[in-house]
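Let me begin by presenting the structure, written as structure tokens, before commenting on it.
Every read-out reported here was derived from the displayed coordinates using simple, explicitly stated rules and does not represent laboratory data. For clarity, every value in this text was computed on a predicted model and none was experimentally measured. Neighbour counts are summed over all protein chains in view; Cβ atoms, including those assigned to glycine, are modelled from backbone coordinates with ideal geometry.
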Amino acid sequence: MPVAMDTLVSLSKRRGFVFQSSEIYGGTGSVWDYGPLGVELKQNIKRLWWRDFVQMRPDMVGLDAAILMHPMVWRASGHVEQFTDPMVDCRECQHRFRADHVDARPWLHFCPASKGNKFEIPGGEACPRCGARRTLCPDCGKGELTTARQFNLMFKTFMGPVEDDAAVTYLRPETAQAMFVNFENVLQSMRLKLPFGIAQAGRSFRNEITPGNFIFRTREFEQMEIEYFVNPHETVEGRPADEYWHDRWIADCMAWFRRYGLSEANLRLREHEKDELAHYAKRTLDIEYRFPIGWSELMGIANRTDFDLKQHAKFSGKTLTYFDEERKEHVVPYVIEPAAGVDRALLAFLVEAYQEEEVRGEKRVVLRFHPELAPVKVAVLPLLKKREEIVKTAHAIRSELAKHWRVVYDDTAAIGRLYRRQDEVGTPYCVTVDVQTVGDADKGEQGDQRVTIRDRDSMQQIRVPVRELVPVFQELLAGGDWATVAGRFGGPAAGAAG
Ligand SMILES: [Zn+2]
Ligand SMILES: [Zn+2]
């Protein structure tokens, strides 16, 4: 049973993952802020994506382009003309709807068969009393709807001090165009050979008319996009290079999401039908995830052919080609585009990680994040906060570990409570400092300089020397196996789970 969206929204707010934007003013529609833990999680997602797809690969380079681009970019890309949704307006209440979504909405009806009484009727259904179907505004039940008009989804703004048509520019609706516009710069400065890719993670903006579902569809969002350029005249393993690389990227992206915890059962591929393919695309696949709202797009992987480079060559008058030394010819590369949304990936990881279980008659909420994704890696907890030596040692351990990872110290509750709090935000390990660690100078007892490491998932505990904490966590946080590590330290302490 997948977790309900409301449960995640409430956990996200309570524990500092995601807040509604400008909440004290009533909020901003479909814009969200990432709180102290959300920002860590989001950065981890972007960092891992960058490490795995840019840093580790010899055929990839990065880019960080400006959000404001030349307005001609959006003419060349087709966004000014075609990045639109058909909209209808209510002449009474002025509410605006996507023309293709209006029929699916529940609608208000003043029924003539029952003295004009008001009813709410489910989307797409007729009135059971008079048999009428909706023709008026679904929200007020009174207003006529205008005919559909195209509404551009780009946020418009003005560049410079004069607010006239010549100064109009747009907040980018996607990061991709910057890679095409910089194709020549990157190619020349880095002396690259095909195939190669340019990656960028950054903000994009879309003035969605019917956004919603928490951070699934928002007006301001972050993308992780790759434009992978291939020579269309080459073949790899007997297949056209673009088709070969398209399949490779689909497999690599699927593997990436699985590696960081999304389960096979919640992932699937969906091939775009011919009639939904963008006009420039040869083939597009979506990786879909089973979100609480049902199967929905997690990322898209498109074969955009040579459309973009040709368009920008045409509109800029510059040559955007690659010289194929072997064939002694200039070619316009084909582009494979794996495009993922950071916010959607974060939501998917959150959905997948969330679990409720019963531990000794009590409900335990736990986020089973992959350790590399977890916002906090280790929490250091003193068993007794009245004992100065214990508190001092715990702080010292925190500062030592914090050189490597995000580590917190907490002494604001009893130990059982502190464990539950860390479980709820997905901290994979807790370190507990107790009397045994520091000893008791008054009684002449030496401490053993060992601390307890408690594993989030199994709730097992092991005793580990303080000086070995860094190497132990290096192993565990890179995905090392708990049982193997526990075995080296004499196995989990009997009866110490909690
Ligand atoms: Zn209306
Ligand atoms: Zn009726």
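Under a Cβ-only charge scheme (Lys and Arg +1, Asp and Glu -1), can you give me the dipole magnitude of the range 84-141 about the Cα centre, in debye to the nearest 20? Roughly 260 debye for the range 84-141.
The share of C-alpha pairs in the range 322-387 whose separation exceeds 16 Å stands at 73 percent. Here the Debye sum runs over all C-alpha atoms of the chain as equal scatterers in vacuum, and log10 of I(q)/I(0) at q = 0.09 Å⁻¹ comes out as -0.80. For Lys118, the shell of other residues with beta-carbons less than 15 Å away shows a net charge of +1, using +1 for Lys and Arg and -1 for Asp and Glu.
Distance from the alpha carbon centroid of the range 49-65 to that of the range 216-289 works out to 17 angstrom.
Within straight-line reach of Lys118, meaning a Cα separation under 27 Å, sit the following lysines at least 8 residues removed in sequence or on another chain: Lys142. Take the alpha carbon atoms of the range 5-35, find their center, do the same for the range 105-180, and report the distance between the two centers in whole angstrom. What the calculation gives is 25 Å, centre to centre. Ratio to report: Rg/Rh of the range 77-182, with Cα atoms as the point set and Rh obtained by the Kirkwood method; give two decimals. Rg/Rh: 1.19.
Working from Cα positions, state the angle (0 to 90°, nearest 10) between the long axis of helix 388-401 and the longest principal axis of the chain. Helix 388-401 sits at roughly 40 degrees to that axis. Each distinct pair of alpha carbons in the range 1-125 adds a 1/r term; the inverse of their mean, the Kirkwood radius, is 20.3 Å.
Built from the Cα atoms of the range 378-465, the convex hull projects on average onto 5.5 nm², one quarter of its surface area. Size descriptors for the range 172-242: radius of gyration and Dmax over Cα atoms are 16.3, 45 Å. When all alpha carbon pairs of the range 343-498 are counted in 5 Å bins from zero, the resulting P(r) reads 2, 9, 19, 22, 22, 15, 8, 3, 1, 0, 0, 0 %. About its Cα centre, the dipole of the chain is roughly 1000 debye, where the only charges are +1 on Lys and Arg Cβ and -1 on Asp and Glu Cβ. Based on the convex hull around the alpha carbon atoms, the range 245-298 presents an average projected area of 4.3 nm². Semi-axis lengths, largest first, of the ellipsoid equivalent to the range 415-486 are 24, 16, 9 Å, with √(5λ) applied to each eigenvalue of the Cα gyration tensor. With the charge dipole of the range 83-185 set up from +1 on Lys and Arg Cβ and -1 on Asp and Glu Cβ about the Cα centre, the Cα lying farthest toward the positive end among the listed residues Met154, Phe119, Ala167 is that of Phe119.
Identify all aspartates and glutamates with a Cα-Cα distance to Lys42 below 12 Å; exclude those on the same chain that are fewer than 8 residues away in sequence. In chain and number order, the partners are Asp33, Glu222, Asp343, Glu372. Within a straight-line Cα-Cα reach of under 16 Å, Lys193 can be paired with the following lysines, leaving aside sequence neighbours fewer than 8 residues apart in one chain: Lys328. Taking the number of Cβ atoms within 10 Å of each Cβ as an exposure proxy, the fewest-first ranking of Phe17, Phe158, Phe151, Phe180 is Phe158, Phe151, Phe180, Phe17.
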